[in-house]
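Encoded as structure tokens, the structure appears first; notes follow it.
We did not get these values from a lab; they are worked out from the coordinates using the rules stated. Quantities reported herein were computed from a predicted structural model and do not represent experimental measurements. Here the Cβ is made from the backbone with ideal geometry for all residues, glycine too, and neighbour counts use every protein chain on show.
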Amino acid sequence: MKILLLCWRDSTHPQGGGSERYLERVGEYLARQGHEVVYRTAGHTDAPRRSHRDGVRYSRSGGKFSVYPRAWYGILLGRAGLGTLGDIDVVVDTQNGIPFFARLVAGVPTVLLTHHCHREQWPVVGRVLSRVGWFLESQVAPRVYRGAPYVTVSQNSRDELVGLGVSAEDITIIGNGVDPIPANVPQLRSAEGTTYLVTLSRLVPHKQLEHAIDVVAALRDRELVLDVIGSGWWADELHEHARKRGVADRVVFHGQVTEDYKHALLARAAVHLMPSRKEGWGLAVMEAAQHEVPTVGYRSAGGLRDSIVDGVTGLLADTPSALTVLTTRLLDDAALAHRLGSAARERAAGYSWELTGARFEELLHGLVGDADRPPAGGPSTTPPAG
């Protein structure tokens, strides 16, 4: 098959995150199976217009908004036998707020991949654009994609889509995988008597990292340091928030780091905080779990109710004050923290990108109707919740 993956960003983009990594890992798996995979996304200064990585061809064009019509133009040129998007067999259209609406122009089976609905995130773009964006996501997209196959990553996200009028029978849950821990992870020195908290996230408003900083401020009588891993356009506001709360010396902003150093910071932590307003799943939960580090996050975040088994692999809070209470509980109860961390690590071991990719390949083969190749994957990529 020749497979077109559409996404507004890739992981090389300064604002790329977990949803981009999901699509890339799926594309890399499909390429290893012998399929031709093209990942169409926006251009940016950190990457060339065209490149190849791990078997996937990356085609970059357009910016934050123009990426969508540019993709339409590329698809239509491809149908005319021009450019790199010709002879496409199937399209995976990623809805990060709004989809590419590729079903209208592709002329081939199109899957809509959505990690979660974005009602809570839209206000950040302003009153007018937020109304337009939510209208497109909640009203237009379900109509354009009525009867088309959907893929999402958690039961909670599936329920959200059903709430928008998407037929439950059209939705397949294909869970996230997790990258293996790098072979050589350095062991970081810890300051004597200091306990480390960590958060792994893009620095954007809806991740609500202010709440993690507030935990440190509320526990200022303890020797705590919060390691913040990640970058984003909200960084200056977070620095200012730490200063105003009087804990600027206890919050370390590491920015983008290498994979081995990221895992070293995770391994050093006692608790991983994920105070996001909304998540489709929460890949960072599993990355922390690989090091027996339990996560405390918000029950209202949606997908965290799937990635965190409350009271088994981590804890779910209902309010910002409860986030502090539950973090304190883990810091004070070593036996509980160890029990949750061990269960989290065991659960994380059941996830892999191989399983995710195989399930995706099975779905695409079913759409294209390739009878010469048997399905490649089991009935599910999501291990039991317990």
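Of Lys2/Lys262; Lys2/Lys64; Lys244/Lys278, which ones are farther than 28 Å apart at the Cα?
On the way: Lys2/Lys262 34 Å; Lys2/Lys64 26 Å; Lys244/Lys278 25 Å.
Exceeds cut-off: Lys2/Lys262.
Report the Rg/Rh value for segment 195-348, based on alpha-carbon coordinates and the Kirkwood definition of Rh.
Values: Rg = 13.8 Å, Rh = 14.9 Å.
Result for segment 195-348 is an Rg/Rh of 0.92.
Pull out a ≥ b ≥ c, the square roots of the eigenvalues of the alpha-carbon gyration tensor of segment 1-125, then state rounded if a/c is under 1.5, prolate if not and a/b is larger than b/c, and oblate in the remaining case.
Cα axes put segment 1-125 in the rounded bin.
Please enumerate, by chain and number, the aspartates and glutamates with C-alpha under 18 Å from the C-alpha of Lys207, excluding those fewer than 8 residues away in the same chain.
Glu20, Glu120, Asp227, Asp236, Glu237, Glu240, Glu279, Glu287, Asp306, Asp318
Calculate the dipole size of the chain relative to its Cα centre from +1 charges on Lys and Arg beta carbons and -1 charges on Asp and Glu beta carbons; express the result in debye to the nearest 20. Can you show the working numbers first?
Details: 42 positive and 43 negative charges, 202 e Å.
For this selection, approximately 960 debye.
Rounded to the nearest 20 Debye, what is the dipole magnitude of segment 134-197 about its Cα centre when Lys and Arg each give +1 and Asp and Glu each give -1 at the C-beta?
Roughly 100 debye for segment 134-197.
Taking the Cβ of Ser352 as the centre, find all other residues whose Cβ is under 10 Å away and add up their charges (Lys, Arg: +1; Asp, Glu: -1).
Computed value for this residue: -1.
Using each residue's phi in segment 337-343, evaluate 6.51 cos²θ - 1.76 cosθ + 1.60 at θ = phi - 60° and report the 3J(HN,Hα) Karplus result to the nearest Hz, with x for Gly and Pro.
4, 5, 4, 5, x, 5, 5
Show me the GluC sites (Glu not before Pro) within segment 168-237 that DSSP assigns to loop and that have at most 15 other Cβ atoms within 10 Å of their Cβ.
Those satisfying the criteria are Glu192, Glu223.
Leu226's amide H: which non-local residues (gap 5+, or another chain) put their own amide H closer than 5 Å, with H modeled 1.01 Å from N in plane and none for Pro or chain starts?
Sorted by chain and number, the residues that satisfy this are Leu197, Val251, Val252.
In segment 195-348, if the dipole is taken from +1 on Lys/Arg beta carbons and -1 on Asp/Glu beta carbons about the Cα centre, which of Ala270, Ser321, Leu226 is farthest to the positive end?
In segment 195-348, that residue is Ser321.
Given the peptides 17-25, 286-294, arrange them by the average over their residues of other C-beta atoms within 10 Å, most packed first.
286-294, 17-25
Please report the antiparallel percentage of the DSSP beta bridges confined to the chain, to the nearest 5.
Roughly 10 percent of the beta bridges in the chain run antiparallel, per DSSP.
Separation of segment 52-103 and segment 233-276 by C-alpha centroid, Å?
35
Can you give the helix-only mean residue ellipticity at 222 nm for the chain, where every DSSP H stretch with n ≥ 4 adds -39500 (n - 2.57) and the sum goes over all residues, rounded to the nearest 500 deg cm²/dmol?
Result for the chain, helices only: -10500 deg cm²/dmol.
Kindly work out what percent of the DSSP beta bridges joining two residues of segment 195-348 are antiparallel, to the nearest 5.
Of the beta bridges lying entirely in segment 195-348, close to 5 percent run antiparallel.
Given R₀ = 22 Å, what would the calculated FRET efficiency be for Thr328 paired with Ala191, taking r from the Cβ atoms and rounding to 0.05?
According to the calculation, E is roughly 0.65.
About its Cα centre, what dipole magnitude does segment 195-348 give when the only charges are +1 on Lys and Arg Cβ and -1 on Asp and Glu Cβ, stated in debye to the nearest 20?
Rounded to the nearest 20 debye, it is 180 debye.
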